[in-house]
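Heads up: the structure comes next, in structure tokens.
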Amino acid sequence: MRRKKRMAGWCFVLPGFAGVLLFYLIPFLDVVRRSFYNAVGKQFCGLANYRTVFENAAFRLAAGNTAKFLAVCLPLLLLLSFAVALLLQRAGRLAPLIKSACMVPLAVPAASVVLIWKLVFDGHGLLNGLLERVGLPWGSDWMNTGAAFGVLVFSYIWKNLGYDVVLWLAGLASVPETLYEAAKMDGAGSLARFIFITLPYIRPISFTIIVISLLNSFKVFREAWLVAGNYPEESIYLLQHLFNNWFRDLAMDKMAAGAVMLSAVILALVAALKRSWDK
Amino acid sequence: MRGKKKRGIAALSAALLPVALLITMLPAALLTGCGKGNGKQDVSSTEGGGPQQVADAGTGDGGGGGAKGRYIESDLVLPEVTEKIYGMGKLDDGSVIVAASTGRTALVFQSTDMGETWTTRCEVDGFGNSWVQGAAVAPDGTVAVAGYFMDIDEMEKNMLVLIAPDGTKTSTPLILPSTDSELASGNLAEQLAYDASGNLFLMDLNYDILKVDTGTGICTKAIDWSGSRPSYFGIAGQTLLLMTDDGMPRFSTADGSSLPDAAALDDIVRTDYSIVQKASDSLPMVVTSGMEEGSIVYANHNGIFYYKEGGSISEQLVNSELSSLGVTGSYYSIVMLDEENILVQFVNAMEEFQICRYRYDKDIPAVPEKELNIYALEESQALRQAVSLYQKEHQDVYVRLTVGMTGKDGVSAEDAISTLNTEILAGNVPDVLILDGLPVESYVEKGILADLTGLLDQIDQSDGLRSNIREAYQKDGGCYAFPASFFLVLVNGPEDAVNAAATLEGFADYGQKLREEKPDQAILKENNPEQLLWDLMQMDSANWFEADGALKEEALENFLIQAKRLYDLDGYPDDAAGIHQYSGMPVGTARTDGLLIGTEEITYGTAVDMIDFVGQFATCEESGSTCGLYGDGSVFVPYLMTGVSSSTKVKEDAEAFYKTLFGTECSGLDGHGFPVNLAAWEAMKAHAAETYGPDSMISIGFSTPDGTSAGYMMNTMTEENIARVEAMAEQAKTPANTDAVIQNLVIEQGLRYVKGDSSSEEAMAALRQKISLYLAE
């Protein structure tokens, strides 16, 4: 009987798994294989590609920028979205409206976002116009200065805040109201209720939200590429720029080694997170 | 109840398992069909195949597969050298008539053996100093030519000249309706065509189709049409077709009545806008009647097609990729002699009139068994010409030319390179790669390209190769990419200017000196900022990198500063005229018109062929200016950089194509760059001496800003001047930097700087950072 039940389970899982296998796992195995071969995949070269990538200044810069971006964006997004979700929980009748408003950036196509960026942050753009009006120093072409990193962070937060808020709200909704009421009757204050009821209850969903936000952070490349091309200001030169350019130069060897290392880092991050969550 | 539930789960499992397996396996099964095919099926599926298919046309049964039979192209040679072919027609007795001109004389040739041999039927004088607007051949052999014939009537701009079958010439002024056109010349006849009954029709400047009374010259409206404006028309038997961007309405030539719409014909113009864009006296598509009642045969840049009345599709008889038909897309006439022979008159890549015969050969495969894949990022007439020549000489090879950026689908260079790289990684490396705009260095490093040394040695031994260019491409004892031709970088102006242009700084200094002396005069040729940067980059970019590939920052900074100084001399706006490559034909940017009419002091840029030098030398003579090479004269711009795949399975065919591309029949033609092949160089010199030598009567004219006209005689290719060009070519040793990434970065930052949107420090800092990143990758 158990076997038959298990069979039914497999039947549901198999189609999705086949897709993952065909379109992700098998190609990734080929990428791993290619990382040990030369560019056109004919000659085995051991770890030489990994060495080349480690020594590559562009890779080091891109990896550093990507790590910096994640380190700044992820905590910021998680905290901000959680705070907004908590506020929304108490917003009453306005909550659905604010929730919808938070989701609007997700519906804006990347090309339109880029157009807005250009209008706002260009040397002759709206931001400089505003600064000039209020008598502040202006004239920078923001996307060609160190400020480009700030613009990228802002864009990521703006775009993903609503999505994370909705996820947090779903988590918060799963906390039984009766627990709060019981704690209230026992004399627990707001802070105590938050620390001892809310946080433990949303712990499982917070893991999912962190992983989703981490993966979404890699999508910011679209905007960065559309607004500044293959060679943007140094601070927003990300790993995806590098991979894109390596593909143009047919550097499959470096690309494969870089992709394997990136995957390993993400996998390690997620595993470490999972482990700490499971404790 | 519980037992029922268990049985339900078991039944659900049993039912779901096959569905799940099907869904699981389906993507795999589909993916096996996603691989790139050998392409032959694609071609054969559109290939009509021949007479059998002609009979079946309209049924949609294209044939193909492993079938035999294909139309083979061959050139027809007329008995005398002609300057222009007016038209071609089939007579009632099945023979074919060609009306041509040698300049002063019109000649009518006749062939009774499908164009194998020709006899001259008559010669008629009076065609000197003429401007022919249209010509047509009637079924009885009468040739009608409309235009302006100064030798016949100096005053009449709309003369109809009829050459009867016996050679008798009659001329009648055409009486056309008045026109709304603002042209001072009034109404004009634009295009002529006969129907099967011998009625003559023309289109005038009102875009009306008029029937001509050949006796009186009176033209009356033949059809009533109020729809989209037609670009041109065609006649097939008794059916008149209007080419509009909305469709192809049909009319009876007998009474002008409208005929039922044919969706298959409408689709031709609706799906391909280029077929309704008539830009010269040639046509984008020509039509004639087929062998069956009501059928239509037409030729355009896609090939030759057959449409059977009532059919839902047109059948392809000749694929343009297997013929010369697709090279220029400029046609004059088509004749279907019988089911196995079709003649088409068109303009070839050398801008010459040509008649080709397409003869059905039932014994050869419908699609050539061998395939040669050629890839180019951008369109090139020279390349198309080479493909056409090669295809004609190698009927057993199907040449598949892929152009990455056709300009029709919004594909960027980056998209095209990504697609190409995906193909390369999948093992589908094109056999021959035209490397202009592609990451050549990467391809060489990755071992994609074969060493061309042996092949170049063969060409060197047979024709000779320009050694100074060859040496520039020797790398690690081999040569992996080599240009078929090159451009020279010129400066033309006062002698001091040419001397000062030894460096970019000297050039800018001289320009500034002139600006002070002549505050109200434009100094440089009219240029938008992007074109200015582009031209200056060709001149200076060879200096930007060390031999080991390191960036020479001070050289790049100097380039930006001098570019800004030169831009500031005149400060032309963004929308000022620039020179762009036209339809795959490189255009020399060192224009001299302004020097001649005194609207500028110095011109600079590239010269891509001898015609450019004709203009340069004429300017020198007329305006007293000097023409010289920029810098120390060693810089050249490579064109049609070509490589052969190291993994090609058709090495011999690829090398044979390489030889065709570099050969005398293709290399060295006007607009194809200066050839590296010395035999082609000699042929180019001989052609220049003959066409643009001291005896040449060809002139060129243009309007000046104040409305007057100016021009010069194109007769400057004296022995002395040809020797000057030769000496310049011998100096060329250093290729300009053609790395597309560097070029784009410099243009991007350079534009911001010269237009004042950033300082030199900012521009240089950005460039330094971006180029360093690129080099570090």
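The values are calculated or read from the model by the stated rules, or taken from the named source; none is laboratory data. No experiment lies behind these values; they were computed from the predicted model shown. All Cβ positions, glycine included, derive from the backbone under ideal geometry; neighbour counts span all protein chains shown.
Collect the residues in region A:189-248 that are hydroxyl-bearing (Ser, Thr, Tyr) and touching an Asp or Glu at 6+ places or on another chain (Cβ under 8 Å), keeping them in residue-number order.
Going residue by residue through region A:189-248, those that are hydroxyl-bearing (Ser, Thr, Tyr) are A:190, A:198, A:201, A:206, A:208, A:213, A:217, A:231, A:235, A:237.
Once the filter is applied, which keeps residues that are hydroxyl-bearing (Ser, Thr, Tyr) and touching an Asp or Glu at 6+ places or on another chain (Cβ under 8 Å), region A:189-248 yields only A:SER213.
Report yes if A:PRO15 is facing another protein chain (nearest Cβ under 9 Å) and not aliphatic (A, V, I, L, M), otherwise no.
On the way: facing another protein chain (nearest Cβ under 9 Å): yes; not aliphatic (A, V, I, L, M): yes.
The answer is yes for A:PRO15.
Of the residues B:VAL98, B:VAL143, B:VAL161, B:VAL124, only one is buried (at least 19 other Cβ atoms within 10 Å of the Cβ), of a type in the set (A, V, I, L, M, F, W, C), over 22 Å from B:GLU351 (Cα atoms) and within 31 Å of the chain's Cα centre (by Cα); which?
Numbers: B:VAL98 fails: over 22 Å from B:GLU351 (Cα atoms); B:VAL161 fails: within 31 Å of the chain's Cα centre (by Cα); B:VAL124 fails: within 31 Å of the chain's Cα centre (by Cα).
After applying the criteria, what remains is B:VAL143.
Looking at (1) buried (at least 16 other Cβ atoms within 10 Å of the Cβ); (2) at positive phi, can you tell me which one B:GLY198 breaks?
Here B:GLY198 meets the rest and fails (1).
Cβ-Cβ below 6 Å, separation at least six or inter-chain, first residue in region B:761-777 and at pLDDT 90 or above, second outside any helix (DSSP H, G or I) and not aromatic (Phe, Trp, Tyr): which pairs?
Note: pairs meeting the criteria are B:ILE771/B:LEU551.
Identify the residue in region B:418-476 that is basic (Lys, Arg) and away from chain A (no Cβ under 14 Å) and, among all such residues, is surrounded by the most Cβ atoms within 10 Å (Cβ to Cβ). Talk me through it step by step, then tell me what you get.
Filtering region B:418-476 down to residues basic (Lys, Arg) leaves B:446, B:466, B:470, B:475.
Then drop every residue that is not away from chain A (no Cβ under 14 Å), which leaves B:466, B:470, B:475.
Numbers: B:ARG466: 21, B:ARG470: 18, B:LYS475: 12.
Only one residue fits best here, namely B:ARG466.
For region A:1-117, which helices (runs of 4 or more DSSP H) that fit wholly inside it have 2 or more residues that are β-branched (Val, Ile, Thr), in contact with a helix residue (DSSP H, G or I) (Cβ under 7 Å, 6 or more places away or on another chain) and in contact (Cβ under 8 Å) with a residue 24 or more places away in the chain? Spell out the reasoning first.
Values: elements: A:2-20, A:26-34, A:48-55, A:57-89, A:95-107.
So the answer is A:26-34, A:48-55, A:57-89.
Output the number of residues of region A:36-87 satisfying the condition of being of a type outside the set (A, V, I, L, M, F, W, C) and within 14 Å of chain B (Cβ to nearest Cβ). It would help to see each step written out before you state the result.
First, the residues of region A:36-87 that are of a type outside the set (A, V, I, L, M, F, W, C): A:37-38, A:41-43, A:46, A:49-52, A:55-56, A:60, A:64-66, A:68, A:75, A:81.
Subset that is within 14 Å of chain B (Cβ to nearest Cβ): A:37-38, A:41-43, A:49, A:52, A:55-56, A:60, A:64-65.
Of the residues in region A:36-87, 12 are of a type outside the set (A, V, I, L, M, F, W, C) and within 14 Å of chain B (Cβ to nearest Cβ).
What residue, among those in region B:753-777 that are of a type in the set (D, E, K, R) and surrounded by fewer than 18 Cβ atoms within 10 Å (Cβ to Cβ), is farthest from the other protein chains (Cβ to nearest Cβ)?
We begin by selecting, within region B:753-777, every residue of a type in the set (D, E, K, R); these are B:755, B:757, B:761-762, B:768, B:770, B:777.
With the extra rule that they be surrounded by fewer than 18 Cβ atoms within 10 Å (Cβ to Cβ), the set shrinks to B:755, B:757, B:761, B:768.
On the way: B:LYS755: 11, B:ASP757: 6, B:GLU761: 12, B:ARG768: 10 Å.
Filtering region B:753-777 for residues that are of a type in the set (D, E, K, R) and surrounded by fewer than 18 Cβ atoms within 10 Å (Cβ to Cβ), the one farthest from the other protein chains (Cβ to nearest Cβ) comes out as B:GLU761.
Filter region B:261-287 for residues that are in contact (Cβ under 8 Å) with a residue 60 or more places away in the chain and not hydrophobic (A, V, I, L, M, F, W, C) and give the result.
Of everything in region B:261-287, those that are in contact (Cβ under 8 Å) with a residue 60 or more places away in the chain and not hydrophobic (A, V, I, L, M, F, W, C) turn out to be B:ASP281, B:SER282.
Mind listing whichever residues of region B:264-300 are over 21 Å from the mean Cα position of the chain (by Cα) and polar (S, T, N, Q)?
Hits for region B:264-300 are B:THR288, B:SER289, B:SER295.
Does B:LEU504 meet the test of being more than 14 Å from chain A (Cβ to nearest Cβ) and under 24 Å from B:ALA542 (Cα atoms)? I'd like the intermediate steps shown before the answer.
On the way: more than 14 Å from chain A (Cβ to nearest Cβ): yes; under 24 Å from B:ALA542 (Cα atoms): yes.
So B:LEU504 passes the test.
State whether the residues of region B:308-328 include one that is part of a strand (DSSP E or B) and surrounded by fewer than 21 Cβ atoms within 10 Å (Cβ to Cβ).
Taking every residue of region B:308-328 in turn, none turns out to be part of a strand (DSSP E or B) and surrounded by fewer than 21 Cβ atoms within 10 Å (Cβ to Cβ).
For the subset of region B:611-624 comprising residues that are touching an Asp or Glu at 6+ places or on another chain (Cβ under 9 Å) and crowded, with 23+ Cβ neighbours inside 10 Å, which member is nearest to B:ILE700 (Cα to Cα)?
Ranking the qualifying residues of region B:611-624, first place goes to B:GLY615.
Would you pick out the residues in region B:146-158 that are crowded, with 18+ Cβ neighbours inside 10 Å and either over 24 Å from B:SER280 (Cα atoms) or of a type in the set (Gly, Ala, Ser) (or both)?
B:ALA146, B:GLY147, B:ILE152
Identify all residues within region A:231-253 that are touching a residue at least 60 places away in the same chain (Cβ under 8 Å), among the acidic types (Asp, Glu) and facing another protein chain (nearest Cβ under 7 Å); write none if there are none.
A:GLU234 - this is the single residue of region A:231-253 that is touching a residue at least 60 places away in the same chain (Cβ under 8 Å), among the acidic types (Asp, Glu) and facing another protein chain (nearest Cβ under 7 Å).
Yes or no: region A:101-117 includes at least one residue that is closer than 30 Å to B:GLU777 by Cβ, surrounded by 15 or more Cβ atoms within 10 Å (Cβ to Cβ), of a type outside the set (A, V, I, L, M) and modelled with pLDDT under 90.
Within region A:101-117, one or more residues are closer than 30 Å to B:GLU777 by Cβ, surrounded by 15 or more Cβ atoms within 10 Å (Cβ to Cβ), of a type outside the set (A, V, I, L, M) and modelled with pLDDT under 90.
Please pick out the residue among A:LYS254, A:LYS219 that is among the basic types (Lys, Arg) and modelled with pLDDT of 90 or more. Talk me through it step by step, then tell me what you get.
Numbers: A:LYS219 fails: modelled with pLDDT of 90 or more.
The match here is A:LYS254.
Scan region A:123-135 and give yes if some residue there is modelled with pLDDT of 85 or more, part of a helix (DSSP H, G or I) and either in contact with a Gly (Cβ under 7 Å, 6 or more places away or on another chain) or within 14 Å of chain B (Cβ to nearest Cβ) (or both), otherwise no.
yes
Name, by its number, the condition in (1) more than 27 Å from B:PRO705 (Cα to Cα); (2) within 30 Å of the chain's Cα centre (by Cα) that does not hold for B:GLU553.
The single condition B:GLU553 does not satisfy is (2).
What are the residues in region B:477-502 that are surrounded by fewer than 24 Cβ atoms within 10 Å (Cβ to Cβ) and among the hydrophobic types (A, V, I, L, M, F, W, C), if any?
Correct list: B:CYS479, B:ALA481, B:VAL498, B:ALA500, B:ALA502.
Across region B:223-240, which residue is surrounded by the most Cβ atoms within 10 Å (Cβ to Cβ) among those that are touching a Phe, Trp or Tyr at 6+ places or on another chain (Cβ under 6 Å) and within 24 Å of B:VAL137 (Cβ to Cβ)? Let's see the steps before the verdict.
We begin by selecting, within region B:223-240, every residue touching a Phe, Trp or Tyr at 6+ places or on another chain (Cβ under 6 Å); these are B:223, B:229-230, B:240.
Narrowing the set further to residues that are within 24 Å of B:VAL137 (Cβ to Cβ) leaves B:223, B:230, B:240.
Values: B:ILE223: 22, B:PRO230: 23, B:LEU240: 27.
Going through the qualifying residues, I end up with B:LEU240.
Which of the residues spanning region A:146-192 are aliphatic (A, V, I, L, M) and in a loop (DSSP other than H, G, I, E, B)? Write out each step before concluding.
Pass one, region A:146-192, residues aliphatic (A, V, I, L, M): A:147-148, A:151-153, A:157, A:161, A:165-167, A:169-170, A:172-173, A:175, A:179, A:182-183, A:185, A:188, A:191-192.
Result: A:VAL175, A:ALA188.
Just to be sure, is A:LEU226 within 14 Å of chain B (Cβ to nearest Cβ), surrounded by fewer than 20 Cβ atoms within 10 Å (Cβ to Cβ), in contact (Cβ under 8 Å) with a residue 12 or more places away in the chain and hydrophobic (A, V, I, L, M, F, W, C)?
Details: within 14 Å of chain B (Cβ to nearest Cβ): yes; surrounded by fewer than 20 Cβ atoms within 10 Å (Cβ to Cβ): yes; in contact (Cβ under 8 Å) with a residue 12 or more places away in the chain: yes; hydrophobic (A, V, I, L, M, F, W, C): yes.
Here the answer is yes, as A:LEU226 does meet what is asked.
Quick check on B:MET717: is it modelled with pLDDT of 90 or more, more than 14 Å from chain A (Cβ to nearest Cβ) and not in a helix (DSSP H, G or I)? First the steps, then the outcome.
Details: modelled with pLDDT of 90 or more: yes; more than 14 Å from chain A (Cβ to nearest Cβ): yes; not in a helix (DSSP H, G or I): yes.
So B:MET717 passes the test.
Please find, within region B:396-417, the residue that is farthest from B:THR642 (Cα to Cα) out of those that are at pLDDT below 90 and within 10 Å of another protein chain (Cβ to nearest Cβ).
Residue satisfying both the conditions and the ranking: B:GLU414.
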